[in-house]
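Any read-out appearing in this document is the output of simple, stated calculations on the displayed coordinates, not a laboratory observation. These figures come from a predicted structure and were not determined experimentally. As a convention, Cβ positions derive from the backbone with ideal geometry for all residues, glycine included, and neighbour counts pool all protein chains shown.
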Amino acid sequence: MKKRYTEEQIIGFLREADAGVPIVELCRRHGFSEASFYLWRNKFGGMSVSDAKRLKELEGENTRLKRLLANAMLENEVIKEALQKKW
């Protein structure tokens with residue numbers, strides 16, 4: 001069973017660890033692995049909740065822009081092929 005945690009919860013876990021709670025105990029209490037904790041620490045370490053929300057928004061926008069760029073490049077390629085075949 002895979003549990004999903006919000007950015008607010010993850011930052012709360014990181015703050016608990018910073019306060020001195022042993023990582024093994026923290027992981028056991030909240031039901032996630034130590035590997036997940038260290039991945040979260042690398043991604044969210046030192047962030048506030050508002051920073052994490054902004055990061056998520058920027059990642060979504062970046063994904064959308066990449067998709068738009070890929071579609072535009074595909075359209076350009078199709079147009080180039082069509083023009084080459086006409087001549």
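Express in nm, to one decimal, how much length is gained between residue 16 and residue 42 on full extension, taking 0.36 nm for each residue of separation and deducting their alpha carbon distance. Gain in length upon complete extension: 7.8 nm. Think of the chain as a dipole: +1 on every Lys or Arg Cβ, -1 on every Asp or Glu Cβ, centred on the Cα centre; then among 35, 23, 73, 73 lies furthest on the positive end. Only helices enter the 222 nm calculation for the chain: every DSSP H run of n ≥ 4 contributes -39,500 (n - 2.57), and dividing by all residues gives -26500 deg cm²/dmol, rounded to 500. What is the angle, in °, between the Cα long axis of helix 34-44 and the longest principal axis of the Cα atoms in the chain? Nearest 10 is fine, range 0 to 90. Helix 34-44 sits roughly 60 degrees off the main axis of the chain. Only one of the values [x] 21.6, 73; [y] 14.8, 57; [z] 21.9, 61 was calculated from this structure for Rg and Dmax of the Cα atoms in Å; name its label. The value computed from this structure is option [x]. Per-residue 3J(HN,Hα) values for the stretch 54-68, derived from phi via the Karplus relation 6.51 cos²θ - 1.76 cosθ + 1.60 with θ = phi - 60°, read 5, 4, 5, 4, 5, 5, x, 5, 4, 4, 4, 5, 4, 5, 4 Hz in sequence order (x marks Gly and Pro). So, how do all the Cα-to-Cα distances of the stretch 1-47 break down into 5 Å bins, in percent, from 0 on up? Reading the bins upward from 0: 5, 22, 38, 27, 7, 1. The peptide list 70-76, 40-46, put in order of mean Cβ contacts within 10 Å with the highest first, becomes 40-46, 70-76.
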